[in-house]
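Every read-out reported here was derived from the displayed coordinates using simple, explicitly stated rules and does not represent laboratory data. Everything numeric here is computed off the predicted structure, so don't read it as measured data. Cβ sites come from the backbone with ideal geometry, for glycine too, and all protein chains shown count toward neighbours.
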Amino acid sequence: MNTLTQMVATALSLGLILIDSTAAQESKVMLKEGSGKDKAMQCAACHSLDYIQMNSPFLNKAGWSASVAKMINVFGAPIPNEDAEIIVNYLVQYYGKSTDK
């Protein structure tokens, strides 16, 4: 094996070690217990649940309604229409702006 090949192999090995150790430090996002959590878990079919936590300080009921509608109507989220209101109510109750609770 020539020197360049050895250097590339070493760099790739170090990169994989760093990626593996970074992934090991991530914690699994858990939604708060409450009515509608089972329906809100459908969101994980398309994106990480940390999206919910990241947006919670900003979204009121209108914001969560618009967000859920966008996921269904624009991005094609496989969420039945009858679950949409349950999900919105859950998100407002447990992750809505503090002024909405």
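Worth pointing out:
- For the listed residue pairs 39/97; 37/61; 32/97, the alpha carbons are over 18 angstrom apart in 39/97.
- Label point distance in nm, residue 55-residue 98, each placed 7 Å from Cα along Cα→Cβ: 2.2
- Options 79, 58, 90, ranked by Cα towards positive dipole end of segment 29-100, top entry (Cβ charges): 58
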